[in-house]
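Have a look at the structure below before the remarks.
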Amino acid sequence: MGLSADTVTKLQVSKSKRSVTLVENRAIPLNCSVKSQTSPDSHFAVLWYVHKPADTDGRLILKTTHNSVFEYGTYAEEEGLKGRLQFERSLSGGLFSLTVQRAQVSDTGSYYCHVEEWLLNPNHAWYKLAEEVSGRTEVTVKLPGNVSSVGNMQI
């Protein structure tokens, strides 16, 4: 069974790269901009990841499924992030935002979203039509005060 011409994906996810440096206890704002003219019936699953220098792959922070089910990833569970995450979706549906509240130095890393586009087939079963990964937001969290002087101390 081949896909008909009207189910060719037109999914676009923002690829822009950003760098954010902030001090502890501030909020880390992360945005994922999604555009698709594939179908007005398209639903999106958005998975948020963080990549740390020591990791080979990104680690899942949280996921919203195409049915709007909200699930925490193993990283959020292991790092105790659950109470510090705030997820929002714009009314128009094209902007997904994740805010990490009360930033800690350990939150430093490269954050990105992975978007899946889902549609219902004629048998009313969901299928994944396409997926795209966003550009990365490089986040550096520093301790408040003059951190640079610590590096200059001789022991």
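Does Val69 satisfy the criteria of being among the aliphatic types (A, V, I, L, M), open to solvent by 30 Å² or more (accessible area, probe 1.4 Å) and over 19 Å from Gln37 (Cα atoms)?
For Val69, the condition - among the aliphatic types (A, V, I, L, M), open to solvent by 30 Å² or more (accessible area, probe 1.4 Å) and over 19 Å from Gln37 (Cα atoms) - is met.
Only residues that are of a type in the set (S, T, N, Q), modelled with pLDDT under 90 and within 26 Å of Ser106 (Cβ to Cβ): list them for segment 11-70, please. So that I can check it myself, show each step before the final result.
Initially, segment 11-70 is screened for residues of a type in the set (S, T, N, Q), giving 12, 14, 16, 19, 21, 25, 31, 33, 36-39, 42, 56, 64-65, 67-68.
Applying the additional criterion that residues be modelled with pLDDT under 90 yields 36-39, 42, 56, 67-68.
Matches in segment 11-70: Thr56 only.
Are any residues in segment 90-115 over 12 Å from the mean Cα position of the chain (by Cα), farther than 24 Å from Asp57 by Cα and not polar (S, T, N, Q), and if so, which ones? Don't jump to the end; show me each part of the working.
Initial filter on segment 90-115 (over 12 Å from the mean Cα position of the chain (by Cα)): 90-94, 101-109.
Now restrict to residues that are farther than 24 Å from Asp57 by Cα: 90-94, 102.
Selection gives Leu91, Gly93, Gly94, Arg102.
Pick from Glu88, Glu79, Glu138, Glu117: which is open to solvent by 60 Å² or more (accessible area, probe 1.4 Å), touching a residue at least 24 places away in the same chain (Cβ under 8 Å) and in contact with a strand residue (DSSP E or B) (Cβ under 8 Å, 6 or more places away or on another chain)?
Being open to solvent by 60 Å² or more (accessible area, probe 1.4 Å), touching a residue at least 24 places away in the same chain (Cβ under 8 Å) and in contact with a strand residue (DSSP E or B) (Cβ under 8 Å, 6 or more places away or on another chain) holds for just one of Glu88, Glu79, Glu138, Glu117, which is Glu138.
Please specify each residue of segment 91-114 satisfying the condition of being hydrophobic (A, V, I, L, M, F, W, C) and open to solvent by 60 Å² or more (accessible area, probe 1.4 Å).
In the first step, residues of segment 91-114 are kept if they are hydrophobic (A, V, I, L, M, F, W, C); the result is 91, 95-96, 98, 100, 103, 105, 113.
Answer for segment 91-114, where residues must be hydrophobic (A, V, I, L, M, F, W, C) and open to solvent by 60 Å² or more (accessible area, probe 1.4 Å): Leu91, Leu95, Val105.
The values are calculated or read from the model by the stated rules, or taken from the named source; none is laboratory data. Computed from a predicted structure; not experimentally measured. A quick note on method: Cβ atoms are made from the backbone with ideal geometry, for glycine too, and the neighbour counts reach across all protein chains shown. The accessibility values were calculated without ligands, DNA or RNA, using every heavy atom of the protein model including side chains. Shrake-Rupley method; radii C 1.70, N 1.55, O 1.52, S 1.80 Å.
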